[in-house]
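The values are calculated or read from the model by the stated rules, or taken from the named source; none is laboratory data. Predicted, not measured: the structure shown is a model, and the values here were computed from it. For neighbour counting, all protein chains shown are included, and Cβ atoms are generated from backbone atoms with ideal geometry for every residue, glycine included. Heavy atoms of the whole protein, side chains included, go into the accessibility calculation; ligands, DNA and RNA do not. Shrake-Rupley method; radii C 1.70, N 1.55, O 1.52, S 1.80 Å.
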Amino acid sequence: MAQVTMTVRTDAELKAVFVKLCEEFGMSANTAMNVFMRAVAETKSIPFTIGKSKDIEAENLMKMFEANRMANADRKEISLEEINAEISCVRAERKARLKGGM
């Protein structure tokens with residue numbers, strides 16, 4: 001598949017936060033943007049809920065990880081960063097479920 005370059009204008013501070021978080025998730029900002037675009041194209045929708053709730057942030061993180069997993073489904077190995085991200089997602093999901101049940 002042919003590769004193209006896409007330029008996105010954004011706030012410098014937002015970019016710095018985004019790049020740092022992507023690194024914590026074990027991926028580059030470029031990979032995260034590709035995961036996002038692939039998920040939008042496949043689902044024909046924005047693949048997360050837009051809101052302020054901490055529970056929504058955890059849900060978005062889990063959806064982003066799942067989209068990344070799907071994008072790399074043909075890979076046979078999983079990195080330590082991916083394992084840690086999955087563990088974080090499961091913990092966030094459990095915490096959100098417990099918080100919602102109280």
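Miscellaneous remarks
- Note on segment 72-102: residues that are open to solvent by 100 Å² or more (accessible area, probe 1.4 Å) and at pLDDT 75 or above total 6.
- Segment 81-102 residues that are under 13 Å from Arg69 (Cβ atoms), paired with ones that are part of a helix (DSSP H, G or I) and of a type in the set (Val, Ile, Thr) (beta carbon under 7 Å, 6 or more apart): none
- The listed residues are Ser45, Ser53, and the only one of them that is closer than 24 Å to Arg91 by Cα, at pLDDT below 90 and of a type in the set (S, T, N, Q) turns out to be Ser53.
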